[in-house]
Amino acid sequence: MAAQIERDFPVGHPAAVDTVIGSPEHLAWIEQHKFSENVRDFPPGHVKAVDTAGNLNALEVRAGVDPHNPHLEEFTGRTHAQAAAVREWNAAEAAGAHESPVMPVIDSAVLNAALAAERARLHVDALTMEQTQAVMSSLQHLALQLPVAKP
Amino acid sequence: MPRALEVIAGFATNPGATFTALTASTGTSFTVRNTDPNKAVWLLDAWAFNATAGELRIRSTKLHDFQQGIRNRITAALSVPVQGGHNNSMYAQRLYAQDALTVELTGGGAELDTASLLILYEDLQGASGRFIDNAFLKANGLNEVTIEVTVAAVATGNFGGAVAINSTNDNLIANTDYAILGGMTDTRGDTVGITGIDFSNLRLGFPAEPSIRDTTMNWFQALTFGYNTPLIPVFSSANKAATTVDVQTNGAGGTYIVNLLCVQLQPGKVGPGLTGAAVAGSAQPGA
């Protein structure tokens with residue numbers, strides 16, 4: 001098994017033991033590391049370097065838009081056909097949906113006591129919505145009204 | 001101390017670049033409920049759901065100023081908190097009984113834009129909820145359980161599609177208390193609401209934002225941490241049929257699968273009106 005040679009520094013590095021200053025290897029190393037002295041933006045060949053062909057530096061990044069897939073709908077990432085289908089589906093669902101009922105605001109301690117009594121009377125663990133509503137109706141006179149601004 | 005938590009919401013139709021006062025969703029009002037003036041009312045959080053970026057402005061003559069007040073940029077299609085500072089330390093805005101808040105939005109010129117405010121009443125006579133803190137939760141929690149429901153929202157800017165928490169899976173243990181730590185939604189909207197007898201039929205809520213599930217999943221627990229006061233709601237499974245989940249969103253409607261992260265509590269530990277330390281008149285809730 002051949003002995004493994006462990007380098008002290010990369011080829012061309014000025015501190016490497018085998019670097020000849022001014023050699024092609026040394027000059028290549030300098031070229032690759034100019035960016036660290038702010039002489040250029042990125043190393044030659046880097047995907048973000050301004051002189052790399054095909055770089056995406058000018059790609060506009062907007063909120064909600066996948067810059068690599070600008071044909072997709074913003075925020076949802078769906079194709080326009082998918083997005084239209086979802087909108088159609090949601091509109092149909094919303095047309096069939098009901099607004100939530102406004103429940104009477106009654107002190108939970110009072111209401112729970114009344115519901116516990118009803119559960120005990122009916123010998124059940126839980127009341128149905130209809131049975132609960134019947135109890136709430138009987139306590140409607142205790143319900144808080146929507147607030148009114150102070151004149 | 002009959003403490004109550006309530007989320008109130010509203011919508012603006014085609015506000016465009018003009019600040020437009022929100023129309024309160026049915027059953028809610030931007031006027032603060034009447035309380036003993038010595039008992040504090042707090043604006044804990046606020047968020048908005050705009051299809052087009054805009055501004056949410058909350059102002060009142062009783063708050064800092066009536067010109068701009070609490071004014072925050074709302075980025076498009078992102079229902080995240082813009083007031084209070086959810087997670088870690090939070091700062092609540094003091095509100096005043098019967099004060100009519102002016103809540104306005106700018107946004108798109110051809111859309112319904114929506115916003116919500118989360119309000120804590122330290123002592124609301126005639127209504128109370130059961131709220132615990134994290135220490136109580138850790139001492140009395142038994143098992144995690146997830147409640148999953150599917151809500152079909154309406155497209156009017158009101159809360160809609162209310163379904164009972166046992167409508168999908170009826171797996172809660174009978175006559176058992178459950179703490180709601182928070183919840184998650186798979187679809188973007190303005191607010192997920194939770195209404196129930198154990199909250200005096202006042203609606204609790206969190207942002208319907210699927211991209212911040214790590215924030216909403218323990219929303220009430222985080223509020224409890226941030227404000228250092230009990231804000232984790234507790235309900236009894238005996239009231240499961242009358243404890244509902246609904247959604248408020250914009251004119252696009254939508255179908256929402258909502259998960260509520262709950263913890264089963266030891267029986268008989270959470271009494272009526274249990275809310276922790278009295279904080280009336282303090283500088284901040286929990287202070």
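Report yes if A:VAL11 is touching a helix residue (DSSP H, G or I) at 6+ places or on another chain (Cβ under 7 Å), at pLDDT 95 or above and part of a loop (DSSP other than H, G, I, E, B), otherwise no.
Spelling it out, it is not the case that A:VAL11 is touching a helix residue (DSSP H, G or I) at 6+ places or on another chain (Cβ under 7 Å), at pLDDT 95 or above and part of a loop (DSSP other than H, G, I, E, B).
How many residues does the stretch B:125-178 contain that are buried (at least 21 other Cβ atoms within 10 Å of the Cβ), closer than 22 Å to B:VAL263 by Cβ and at the interface with another protein chain (Cβ under 8 Å from one of its Cβ atoms)?
The number of residues fulfilling the criteria is 3.
Is at least one residue of the stretch A:125-133 part of a helix (DSSP H, G or I), facing chain B (nearest Cβ under 10 Å), in contact with a strand residue (DSSP E or B) (Cβ under 8 Å, 6 or more places away or on another chain) and without any contact (Cβ under 8 Å) to a residue 12 or more places away in the chain?
Within the stretch A:125-133 (the criterion being part of a helix (DSSP H, G or I), facing chain B (nearest Cβ under 10 Å), in contact with a strand residue (DSSP E or B) (Cβ under 8 Å, 6 or more places away or on another chain) and without any contact (Cβ under 8 Å) to a residue 12 or more places away in the chain), the answer is yes, since at least one residue qualifies.
In the stretch B:149-204, which strands (runs of 3 or more DSSP E) lie fully inside it and hold 2 or more residues that are closer than 22 Å to A:GLU99 by Cα and in contact with a Gly (Cβ under 9 Å, 6 or more places away or on another chain)?
Per the criteria, B:159-164, B:191-195.
Going residue by residue through the stretch B:37-44, is there one that turns out to be among the polar types (S, T, N, Q), surrounded by fewer than 22 Cβ atoms within 10 Å (Cβ to Cβ) and under 19 Å from the mean Cα position of the chain (by Cα)?
No - not one qualifying residue is present in the stretch B:37-44.
Looking at B:GLN264, is it surrounded by fewer than 19 Cβ atoms within 10 Å (Cβ to Cβ) and at pLDDT 90 or above?
It is true that B:GLN264 is surrounded by fewer than 19 Cβ atoms within 10 Å (Cβ to Cβ) and at pLDDT 90 or above.
If B:ALA238 meets every condition in (1) touching a helix residue (DSSP H, G or I) at 6+ places or on another chain (Cβ under 8 Å); (2) more than 14 Å from every other protein chain (Cβ to nearest Cβ) apart from one, which number is that one?
(2)
Yes/no per residue for (1) surrounded by fewer than 16 Cβ atoms within 10 Å (Cβ to Cβ); (2) β-branched (Val, Ile, Thr); (3) at the interface with chain B (Cβ under 8 Å from one of its Cβ atoms):
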residue	(1), (2), (3)
A:PRO67	yes, no, no
A:LEU72	no, no, no
A:ALA81	yes, no, no
A:GLU88	yes, no, no
A:GLU93	no, no, yes
A:VAL148	yes, yes, yes
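Of the residues A:VAL110, A:VAL102, A:VAL86, which is part of a helix (DSSP H, G or I) and farther than 28 Å from B:LEU78 by Cβ?
A:VAL110
Return yes or no: is A:GLU118 under 26 Å from B:ASP170 (Cα atoms), within 13 Å of chain B (Cβ to nearest Cβ) and not in a loop (DSSP other than H, G, I, E, B)?
yes
The values are calculated or read from the model by the stated rules, or taken from the named source; none is laboratory data. For clarity, every value in this text was computed on a predicted model and none was experimentally measured. Neighbour counts are summed over all protein chains in view; Cβ atoms, including those assigned to glycine, are modelled from backbone coordinates with ideal geometry.
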